[in-house]
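Everything below concerns the one structure shown next.
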Amino acid sequence: MKRKQIPVLVSLSALLICLVACGSSPVGTENPGVPDRPEETEETAVTAEAADTQSAPEEEDVQSVPDETAKEEAMIYAHIGDRTVTIRLADNSSAEAFAALLEEGDLTVDMRDYGGFEKVGPLGTSLVTNDERITTEPGDVILYQGNQITIYYDVNTWTFTRLGRVEGLTPEELRDVLGDGDPTAVFSLKP
């Protein structure tokens, strides 16, 4: 099979899968389960010609498209005083390790103010890090040195691992939740 035909076959296969998934079958199907060849229109001819003129990707460059419905956005919760904040987890192995830690049970962290821009506390264990130089924003939840968790209420630039982000609160509301003192945060998978 010519390498130039692969993109056309992939496109036609995707179209067929969409039609089957929608419960539709092509018009004029004589043999159930075996669709007729689609009628060529000017648009499909142009698309096929464009696909033929493009070079096919190398075998190792071909990537599957992830199923968006299979990947739900992971959320955890921080209970601080009588308030609960929702944290959307980052997409990295550190956030996955933190969620796995919470599967064992809730984690209570005594936090303290640091530098006038964050509340930080020890995790009691170390997690894998994915450090990168970032500038935090209010609401960022950061893993610091692999064994401390930080909730930022202002900005700071350093090398950190992003664990997630507090959802749905303005910087002022977040400061109100964190308070002026040293709060205790209970991180949980349950709201």
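Computed quantities for the displayed model
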quantity	calculated
Members of segment 161-187 found to be under 15 Å from Gly121 (Cβ atoms) and not aliphatic (A, V, I, L, M), listed by number	Gly179, Gly181, Asp182, Pro183, Thr184, Phe187
Residue in segment 152-160 that is closer than 21 Å to Gly81 by Cβ and either of a type in the set (S, T, N, Q) or at pLDDT below 95 (or both) present	no
Residue match in segment 167-179 (condition: part of a strand (DSSP E or B) and either loosely packed, with under 14 Cβ neighbours inside 10 Å or at negative phi (or both))	yes
Residues (more than 18 Å from the chain's Cα centre (by Cα) and crowded, with 22+ Cβ neighbours inside 10 Å) located in segment 137-149	Ile149
The lone exception for Thr129 - which of (1) surrounded by 13 or more Cβ atoms within 10 Å (Cβ to Cβ); (2) more than 15 Å from Phe98 (Cα to Cα); (3) β-branched (Val, Ile, Thr) it fails	(2)
Selection count where residues are assigned to a loop (DSSP other than H, G, I, E, B), within 24 Å of the chain's Cα centre (by Cα) and loosely packed, with under 13 Cβ neighbours inside 10 Å, scope segment 92-124	3
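The values are calculated or read from the model by the stated rules, or taken from the named source; none is laboratory data. As the structure is a prediction and not an experimental result, all values here were calculated from the model. Note: ideal-geometry Cβ built from the backbone for every residue, glycine included; neighbour counts use all protein chains shown.
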